[in-house]
1. When both residues are 6+ apart or on different chains and their Cβ atoms are under 7 Å apart, which pairs have a first residue that lies in segment 212-223 and is closer than 11 Å to TRP193 by Cβ, and a second that is among the hydrophobic types (A, V, I, L, M, F, W, C) and surrounded by 20 or more Cβ atoms within 10 Å (Cβ to Cβ)?
2. All but one of (1) among the hydroxyl-bearing types (Ser, Thr, Tyr); (2) crowded, with 17+ Cβ neighbours inside 10 Å; (3) farther than 12 Å from VAL122 by Cβ hold for SER9, so report the exception by its number.
3. Let me spell it out: the conditions are (1) in a helix (DSSP H, G or I); (2) farther than 18 Å from HIS228 by Cα; (3) in contact (Cβ under 8 Å) with a residue 40 or more places away in the chain, and LEU165 meets all of them except one. Which number is the exception?
4. Just to be sure before I move on: is ARG160 of a type in the set (Lys, Arg) and surrounded by fewer than 21 Cβ atoms within 10 Å (Cβ to Cβ) in the structure I sent?
5. Does segment 53-97 hold any residues that are closer than 22 Å to GLU141 by Cβ and among the hydroxyl-bearing types (Ser, Thr, Tyr), and which are they?
6. Filter segment 60-90 down to the residues that are touching a helix residue (DSSP H, G or I) at 6+ places or on another chain (Cβ under 7 Å) and either surrounded by 18 or more Cβ atoms within 10 Å (Cβ to Cβ) or of a type in the set (Ser, Thr, Tyr) (or both), then identify the one that is nearest to LEU234 (Cα to Cα).
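Since every read-out is calculated from the coordinates, none of them should be taken as a lab result. On a predicted model such as this, the values are computed, not experimentally measured, just so you know. Cβ atoms come from the backbone with ideal geometry, glycine included; neighbour counts cover every protein chain shown.
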Amino acid sequence: MRQPVYFISHGGGPWPWMAEAREAYGPLSAALSAIPGTLPARPDAILMVSAHWMTPGGVRVGSHPHPGMVYDYYGFPAHTYQIRYPAPGDPALAGRVLELLGAGGIPAEAEAQRGYDHGAFVPAYVMAPEADIPMVQLSIEADFDPARHIALGRALAPLRGENILIVGSGLSYHNLRRLGPDGAEPSAQFDAWLQSVLIDGPADRREAALCAWEQAPAARIAHPQEDHLIPLHLALGAAGGDAATCFHHETRAFGGITVSSFRFG
């Protein structure tokens, strides 16, 4: 049994707990909630790679058996700072991640204190609202090196055969200063490039293309800082040569932005 790998565009802030956001996030909610029914089996755990946990000098692996919450968003309703997503951690999986990364020569350390940030608990809640699937969160490196994150994903690929679901959580377009109509064209251009590379292009050229992502149309408009793109690089490394499909695509997100989410395998 081998689980697929996902890169998801996780939306903005704590949207599942905001009634006023539910209509706008209907397409994303439907796509994420459908994931469990498309898996080959219920995963034993989720390894969640969030754009919102950046660490210098190597990655960190959440190792607490019962992680708390990190409310890393601002200006949202008061009740969204009381959210609890009580999915257990998985120290054994954290240890296995450290083992694989060590074998791959990738610096990594356990982090026993940090809780789930919204890049992790928001999509996890939509996918598994009963919080009954253990989850381990993995950081990205603060230098955002594309090749290093592809290598990181490649080192973690054996987890797929161990019934672990690997999810990269970011956004295919992340420029908060150019949302709405002002971001419509650049987001569409960059998304079209992603589709051409991941879905239409040959699998053996995807990694090179993603390493050179800054050469894509509107790349630095789509990602002034690439923290929300880098989880895709890790997902691609874990995917190997598996085919990609686009399981979530919108052209009117955030008032006019094109965003996509991808599945490998």
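1. TRP213/LEU229; ALA216/PHE190; PRO217/PHE190; ALA218/PHE190; ALA219/PHE190; ALA219/TRP213; ALA222/PHE190
2. (3)
3. Answer for LEU165: the failing condition is (1).
4. It is false that ARG160 is of a type in the set (Lys, Arg) and surrounded by fewer than 21 Cβ atoms within 10 Å (Cβ to Cβ).
5. Selection gives THR55, SER63.
6. VAL61
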